[in-house]
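S.K.: Shown below is the structure under consideration.
The values are calculated or read from the model by the stated rules, or taken from the named source; none is laboratory data. Since the structure is predicted, the reported quantities are computational estimates derived from the model, not experimental observations. When we count neighbours, we look across all protein chains shown, and the Cβ atoms used for this are built from the backbone with ideal geometry, even at glycine.
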Amino acid sequence: MVVFLAVRADILFLPRICNILPNKPTTKKRVVEKGDAWWMGRAIREAEKAAGRGEVPIGAVLVRDGKIISRGHNLREGNQDPAAHAELIAIRKAAKKLGNWRLAGTTLYVTLEPCIMCMGAILLARVEKVVFGCYDPKGGAAGSLYDLSDDKRLNHRVTLVAGVRQAECAALLSGFFAALRAEKKRAKQNSSNSGEVSEWSMVPDSKSGVRQRT
Ligand SMILES: [Zn+2]
């Protein structure tokens with residue numbers, strides 16, 4: 001009798017217990033908060049695309065409300081355009097896409113510190129925040145040579161975040177230039193070797209008079 005009552009109690013309370021337990025599948029999607037490092041990864045991908053085309057590996061993405069509006073990578077050599085910097089390409093694409101040159105509320109992620117031209121475009125486009133990977137001591141205008149992000153004489157300020165995935169961004173550039181130097185060295189060696197060949201070939205064959213290598 002006691003056992004019977006206990007079983008009945010389980011049956012009676014089981015639905016209530018089920019309601020309390022979190023065993024229902026939730027229909028809400030998990031919102032993944034993407035941080036600066038994650039977005040910089042997308043800019044790094046763009047830089048890798050540039051490297052694949054034989055361009056200096058610099059990449060950029062422009063983000064607003066958790067979405068990429070536009071992407072850009074350096075195309076200076078391919079386009080023979082001194083202004084074809086990753087940032088400028090991304091900014092122009094975004095303005096065209098949105099039909100608005102004011103890119104308020106956007107964040108630009110770029111693998112290398114922007115130059116004077118790109119910082120100018122960033123200010124003109126009213127970009128809110130710039131996140132960059134490594135510093136450019138020879139041309140940076142976001143802290144290295146100049147800091148155009150917070151000049152009170154200008155009518156726009158931009159928030160800066162520096163050094164995000166810095167080592168990866170720098171390694172891309174140093175790897176690219178090391179490969180370029182090695183290629184130039186090989187080309188120089190080949191050209192000096194071919195010079196020796198032409199000298200040897202100038203020695204005339206006494207029998208035939210045909211110039212050949214000794
Ligand atoms: Zn630039």
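S.K.: Can you name every residue in region 90-102 that is within 16 Å of the ligand (Cβ to nearest atom) and either of a type in the set (S, T, N, Q) or surrounded by 24 or more Cβ atoms within 10 Å (Cβ to Cβ) (or both)?
M.R.: Narrowing region 90-102 to residues within 16 Å of the ligand (Cβ to nearest atom): 90-94.
Matches in region 90-102: Ala90, Ile91, Ala94.
S.K.: Could I ask something else about it? Quick one: Phe177 ticks every box in (1) surrounded by fewer than 17 Cβ atoms within 10 Å (Cβ to Cβ); (2) within 16 Å of the ligand (Cβ to nearest atom); (3) not hydroxyl-bearing (Ser, Thr, Tyr) bar one, so which box is it?
M.R.: (2)
S.K.: Check Leu145, Leu123 and return the single one that is more than 20 Å from Gly41 (Cα to Cα), of a type in the set (A, V, I, L, M, F, W, C) and assigned to a helix (DSSP H, G or I).
M.R.: That would be Leu123, the only listed residue that is more than 20 Å from Gly41 (Cα to Cα), of a type in the set (A, V, I, L, M, F, W, C) and assigned to a helix (DSSP H, G or I).
S.K.: Just one of (1) more than 16 Å from the ligand (Cβ to nearest atom); (2) surrounded by 14 or more Cβ atoms within 10 Å (Cβ to Cβ); (3) of a type in the set (Ser, Thr, Tyr) trips up Thr159, so point out which.
M.R.: Going through the list (1) more than 16 Å from the ligand (Cβ to nearest atom); (2) surrounded by 14 or more Cβ atoms within 10 Å (Cβ to Cβ); (3) of a type in the set (Ser, Thr, Tyr), Thr159 breaks only (2).
S.K.: Inspect region 189-198 for any residue being more than 30 Å from Ala50 (Cβ to Cβ), at pLDDT below 50, within 46 Å of the chain's Cα centre (by Cα) and part of a helix (DSSP H, G or I) and give the result as yes or no.
M.R.: yes
S.K.: I want to confirm something. Restricting to region 78-89 and keeping residues that are touching a residue at least 24 places away in the same chain (Cβ under 8 Å) and part of a helix (DSSP H, G or I), which single residue is farthest from the ligand (Cβ to nearest atom)?
M.R.: The residue in question is Gly78.
S.K.: Now, a different point. Pull up region 106-120, narrow it to residues that are away from the ligand (no atom under 13 Å from the Cβ) and in a strand (DSSP E or B), then point me to the one that is farthest from Asp36 (Cα to Cα).
M.R.: Looking only at region 106-120, we keep the residues that are away from the ligand (no atom under 13 Å from the Cβ), and these are 106-107, 109.
After this cut, where a residue has to be in a strand (DSSP E or B) as well, the list is 107, 109.
Details: Thr107: 10, Tyr109: 8 Å.
Among them, the one singled out is Thr107.
S.K.: Also, quick follow-up: Determine the pairs where a residue that is closer than 15 Å to Ala95 by Cα, located within region 112-125, has a partner that is within 9 Å of the ligand (Cβ to nearest atom) and not acidic (Asp, Glu) with Cβ atoms under 6 Å apart, the partner being 6 or more residues away or on another chain.
M.R.: Once the first residue is closer than 15 Å to Ala95 by Cα and sits in region 112-125, its partners that are within 9 Å of the ligand (Cβ to nearest atom) and not acidic (Asp, Glu) give Cys118/His85; Cys118/Leu88; Ala121/Leu88.
S.K.: Could I ask something else about it? Tell me, yes or no, whether region 59-74 has at least one residue that is surrounded by fewer than 23 Cβ atoms within 10 Å (Cβ to Cβ), in a loop (DSSP other than H, G, I, E, B) and among the polar types (S, T, N, Q).
M.R.: No, region 59-74 has no match at all.
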